[in-house]
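Notes for the one structure printed next.
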Amino acid sequence: MTDQLFRDITLFAPEIALIVTFLVAILVDLALRRTPLAVAAVTLGGFVVTGILVLNQSGDEALVFGNMLAVDPFAVFFKLVIILSAILIVVFSLSSAELNVPGRKLGEYYSLLAALTLGTMLMAGATNLLMAYLAVELSSIGSYILSGYTREAPDSSEASLKYVIYGALSSGLMLYGISIVYGLTGSFDFYAINQVLARGEFNDVTLLLAGVLLMAGFGYKISAVPFHFWAPDVYEGAPITITAFLSVASKAGGFALLIRFFKVTFLDSKVSGLPEGFWATLQGFEWPGLVAVISVMTMTLGNLVAIWQNNLKRLLAYSSIAHAGYMLMGVVVLGNDGLTAILVYFVVYLFMNLGAFFVVMLVADKIGSEDIEDYKGLAARSPFIAFAIAVFLISLTGLPPTAGFIGKLYLFSALLNHQWILLAFIGALNSVVSLYYYVRIFRNMYLHTSEQTEGRITFGRMQITTVALLLVPTILFGLYFTPLVQLAESSVRIFGTP
């Protein structure tokens, strides 16, 4: 038993590193209250150490702490996405004029960011409904506080309050769904639930109700319709750094949890004769149809409502909702090629979406506005920054030769391979709609000028370097993507599934 406990603790090393980072950040803040850079350095160092420990888990496949968490290639992939996002958010925070105002204490900010990252990483490996719920709540509590961190902003407290209200509702629905699943199966463990459901001794309507209620919890984390209502207001009112983190890392944790739950719990491993990489669901709960409906609603609403937005941060919020719909198309596909497409998409989404938010933050710090109309003449005032956000938005649209094109190419290919032709067609139409509202930004930057926007805008070396570091992979993965695809293909392995 001692050996087993030691092995589990060893495999839990990345999460332990984050716990230590959280505690040390608090202690450093107490000791050095007037030097927030020290807390930022501790947090950044802790994230780097955590990333190294996650990399050391490559190739491991095990369940730890009584089947509460899984350490497998799938979890490792999402943990790397989450920790890379967290590292970039710390870098963003150092450049944020919104955060670095005289007198503001940032010790709590960085320590809460570590706690938020921990909760999100636990979501990536959870194999028990109780652990899944605790992970969701841990990440949510940190998100609630950080969303309202800039208290002097008029919409900051409103954003935080709305987040708490919607989060509480989704949490309650998720708990109700968990209680129904436990009543049907007598277990919280994903694998034990699968064994009970495989015997077919359940009521179809009750199980469908439980699945819908659980989707409320998953959908809330990934901002899928109709659980998206919190996203636009929170994204607009929260500090841009936290908005960026929620749009990528929090979404990654939610997708990892959703995919693992559905594939492990409702997978029928007894079906034979399927091509390699294909899998089937248990009869009686055809969840791909449910997910397909949510995917269509999410991408359509996100894109259509984005057309009417003038605030760029709010526009990117609806764009983020639409991208959740695109990625849900990969969940619908019952095969490893669908999961591969999602993993590829998440990597390119990380660079292009964080890049877009970072540029919006830099420009807002200089001109004091996030309104699209105030971007008129930006190409003349800051050519490199205008070029960078243009590339990021083109990639978000999914046009070549950017990485976003590769992400959507693999998603649509997986859909067509599995005969989801109508869903692929709707996804393509939504991509066209997204191009419309992004073109408004291009038009203002390159074709319009304003008498109130004269004079060049300059940025620091660190800021330009950070933009370049996000810009290069956004272009590079659009031209040379083989290593990324190979990494994704090797990371679709979920413990205990074909």
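The values are calculated or read from the model by the stated rules, or taken from the named source; none is laboratory data. Predicted model, so just to flag it, every value in this text is computed and none were measured. Cβ placement follows ideal geometry from the backbone for every residue including glycine, while neighbour counts extend to all protein chains displayed.
Please enumerate the residues belonging to region 167-199 that are surrounded by 20 or more Cβ atoms within 10 Å (Cβ to Cβ) and out of contact with any strand residue (DSSP E or B) (no Cβ under 8 Å at 6 or more places or on another chain).
Of all residues in region 167-199, those surrounded by 20 or more Cβ atoms within 10 Å (Cβ to Cβ) come to 167, 170, 174, 177, 181, 185, 189-190, 193-194, 197.
Residues satisfying the conditions are Gly167, Ser170, Met174, Gly177, Val181, Thr185, Ile193, Leu197.
Within the set of pairs 6+ apart or on separate chains, which have a first residue in region 307-319 that is assigned to a loop (DSSP other than H, G, I, E, B) and β-branched (Val, Ile, Thr), a second that is surrounded by fewer than 24 Cβ atoms within 10 Å (Cβ to Cβ) and at pLDDT below 90, and C-beta atoms under 6 Å apart?
These pairs meet every condition: Ile307/Tyr437.
Would you mention how many residues in region 297-340 are of a type in the set (Val, Ile, Thr) and over 19 Å from Trp230 (Cα atoms)?
Residues of region 297-340 that are of a type in the set (Val, Ile, Thr), as a first pass: 298, 300, 305, 307, 321, 331-333, 340.
In the following step, the residues that additionally are over 19 Å from Trp230 (Cα atoms) were identified as 331-333, 340.
Qualifying residue count, region 297-340: 4.
What are the residue pairs meeting all of these: first residue in region 461-478, first residue part of a helix (DSSP H, G or I), second residue aromatic (Phe, Trp, Tyr) and at pLDDT 90 or above, Cβ atoms under 6 Å, and 6 or more apart or on different chains?
Leu470/Phe351; Pro473/Phe351; Thr474/Phe351; Gly478/Phe405
With the requirement that a residue be part of a loop (DSSP other than H, G, I, E, B) and either of a type in the set (Asp, Glu) or touching a helix residue (DSSP H, G or I) at 6+ places or on another chain (Cβ under 7 Å) (or both), what does region 188-205 give you? If you could, list the steps in order and put the result at the bottom.
Narrowing region 188-205 to residues part of a loop (DSSP other than H, G, I, E, B): 188, 199-203.
Across region 188-205, the qualifying residues are Phe188, Glu201, Phe202.
Evaluate region 406-427: report whether one residue or more is among the hydrophobic types (A, V, I, L, M, F, W, C), touching a residue at least 24 places away in the same chain (Cβ under 8 Å) and more than 20 Å from His323 (Cβ to Cβ).
Checked region 406-427: no residue is among the hydrophobic types (A, V, I, L, M, F, W, C), touching a residue at least 24 places away in the same chain (Cβ under 8 Å) and more than 20 Å from His323 (Cβ to Cβ).
Which number in (1) at pLDDT 90 or above; (2) over 21 Å from Pro232 (Cβ atoms) marks the one condition that Gly325 misses?
Looking at each condition in turn, Gly325 falls short on (2).
Among what's in region 1-18 and is surrounded by fewer than 17 Cβ atoms within 10 Å (Cβ to Cβ) and over 12 Å from Asp60 (Cβ atoms), pick the residue that is modelled with the lowest pLDDT.
Met1
Filter region 373-417 down to residues that are part of a helix (DSSP H, G or I) and of a type in the set (Ser, Thr, Tyr) and give me whichever is modelled with the lowest pLDDT. Spell out how you get there, then give the answer.
Of the residues in region 373-417, the ones part of a helix (DSSP H, G or I) are 373-375, 378-381, 383-397, 403-417.
The next check asks that each one be of a type in the set (Ser, Thr, Tyr); those that pass are 375, 395, 397, 410, 413.
On the way: Tyr375: 84, Ser395: 92, Thr397: 90, Tyr410: 92, Ser413: 91.
Of everything passing the filter in region 373-417, Tyr375 is modelled with the lowest pLDDT.
Quick one: in region 208-261, which of the residues that are aromatic (Phe, Trp, Tyr) and under 22 Å from Asp155 (Cβ atoms) is modelled with the highest pLDDT? Give the derivation first.
Restricting attention to region 208-261, the residues satisfying the condition of being aromatic (Phe, Trp, Tyr) are 218, 220, 227, 229-230, 235, 245, 255, 261.
Filter again for under 22 Å from Asp155 (Cβ atoms), leaving 220, 227, 229-230, 235, 245.
Numbers: Tyr220: 87, Phe227: 84, Phe229: 81, Trp230: 84, Tyr235: 86, Phe245: 91.
Looking at residues that are aromatic (Phe, Trp, Tyr) and under 22 Å from Asp155 (Cβ atoms), I get Phe245.
Take the conditions buried (at least 21 other Cβ atoms within 10 Å of the Cβ) and either touching a helix residue (DSSP H, G or I) at 6+ places or on another chain (Cβ under 8 Å) or at pLDDT 90 or above (or both) and apply them to Ala364. Does it pass?
Numbers: buried (at least 21 other Cβ atoms within 10 Å of the Cβ): no; either touching a helix residue (DSSP H, G or I) at 6+ places or on another chain (Cβ under 8 Å) or at pLDDT 90 or above (or both): yes.
No; evaluated as a whole, the condition is false for this residue.
Which of the residues spanning region 57-75 are part of a helix (DSSP H, G or I) and surrounded by fewer than 24 Cβ atoms within 10 Å (Cβ to Cβ)? I'd like the intermediate steps shown before the answer.
Of the residues in region 57-75, the ones part of a helix (DSSP H, G or I) are 73-75.
Passing the criteria: only Pro73.
For region 93-138, what are the residues that are part of a helix (DSSP H, G or I), more than 30 Å from Tyr182 (Cα to Cα) and either touching a Ser or Thr at 6+ places or on another chain (Cβ under 6 Å) or polar (S, T, N, Q) (or both)? If you could, list the steps in order and put the result at the bottom.
Going residue by residue through region 93-138, those that are part of a helix (DSSP H, G or I) are 93-95, 107-125, 129-138.
Of the ones still in play, those that are also more than 30 Å from Tyr182 (Cα to Cα) are 93-95, 107-114.
Result: Ser93, Ser95, Tyr110, Ser111, Ala114.
From the residues in region 170-182 that are out of contact with any Lys or Arg (no Cβ under 9 Å at 6 or more places or on another chain) and touching a residue at least 40 places away in the same chain (Cβ under 8 Å), which one is nearest to Val136 (Cα to Cα)?
Quick first cut of region 170-182, residues out of contact with any Lys or Arg (no Cβ under 9 Å at 6 or more places or on another chain) only: 171-182.
Imposing the further condition that a residue be touching a residue at least 40 places away in the same chain (Cβ under 8 Å) reduces the set to 171, 173-175, 177-178, 181-182.
Values: Ser171: 8, Leu173: 13, Met174: 10, Leu175: 11, Gly177: 14, Ile178: 13, Val181: 18, Tyr182: 18 Å.
If we take residues in region 170-182 being out of contact with any Lys or Arg (no Cβ under 9 Å at 6 or more places or on another chain) and touching a residue at least 40 places away in the same chain (Cβ under 8 Å), then Ser171 is nearest to Val136 (Cα to Cα).
Give just the number: which of (1) hydrophobic (A, V, I, L, M, F, W, C); (2) within 20 Å of the chain's Cα centre (by Cα); (3) farther than 13 Å from Met352 by Cα does Phe477 not satisfy?
Status for Phe477: all satisfied but (3).
Residue pairs, Cβ under 7 Å, 6 or more apart or interchain, first in region 200-219 and aromatic (Phe, Trp, Tyr), second in a helix (DSSP H, G or I). List them.
Phe202/Leu184; Phe218/Gly254; Phe218/Leu257; Phe218/Leu258
Given (1) among the β-branched types (Val, Ile, Thr); (2) under 26 Å from Phe255 (Cβ atoms); (3) over 16 Å from the mean Cα position of the chain (by Cα), identify the lone condition not met by Thr120.
(3)
Which of the residues that make up region 139-166 are in a helix (DSSP H, G or I), hydroxyl-bearing (Ser, Thr, Tyr) and crowded, with 16+ Cβ neighbours inside 10 Å? Spell out the reasoning first.
Pass one, region 139-166, residues in a helix (DSSP H, G or I): 139-147, 156-166.
Add one more test, that the residue is hydroxyl-bearing (Ser, Thr, Tyr), and what stays is 139-140, 143-144, 147, 156-157, 160, 163, 166.
Those that are in a helix (DSSP H, G or I), hydroxyl-bearing (Ser, Thr, Tyr) and crowded, with 16+ Cβ neighbours inside 10 Å: Ser139, Ser140, Ser143, Tyr144, Ser147, Ser156, Ser160, Tyr163, Tyr166.
Residues are listed down the side, and each one gets a yes or a no for (1) touching a residue at least 12 places away in the same chain (Cβ under 8 Å); (2) touching a Leu at 6+ places or on another chain (Cβ under 8 Å); (3) basic (Lys, Arg):
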{"residue": "Phe22", "(1), (2), (3)": "yes, yes, no"}
{"residue": "Leu27", "(1), (2), (3)": "no, no, no"}
{"residue": "Ala40", "(1), (2), (3)": "yes, yes, no"}
{"residue": "Ile52", "(1), (2), (3)": "no, no, no"}
{"residue": "Leu63", "(1), (2), (3)": "yes, yes, no"}
{"residue": "Leu69", "(1), (2), (3)": "yes, yes, no"}
{"residue": "Asp72", "(1), (2), (3)": "yes, no, no"}
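Do any residues in region 234-259 that are touching a residue at least 40 places away in the same chain (Cβ under 8 Å) and outside any helix (DSSP H, G or I) have Cβ atoms under 6 Å from those of residues that are surrounded by fewer than 24 Cβ atoms within 10 Å (Cβ to Cβ) and of a type in the set (D, E, K, R), where the two are at least six apart or on different chains, and which pairs are they?
Cβ pairs passing all conditions: Pro239/Glu98.
Quick one: would you say Ile464 is at pLDDT below 90 and among the β-branched types (Val, Ile, Thr)?
Numbers: at pLDDT below 90: no; among the β-branched types (Val, Ile, Thr): yes.
No; evaluated as a whole, the condition is false for this residue.
Can you find even one residue in region 282-289 that is more than 15 Å from Gly211 (Cβ to Cβ) and in a helix (DSSP H, G or I)?
Quick first cut of region 282-289, residues more than 15 Å from Gly211 (Cβ to Cβ) only: none.
No: zero hits.
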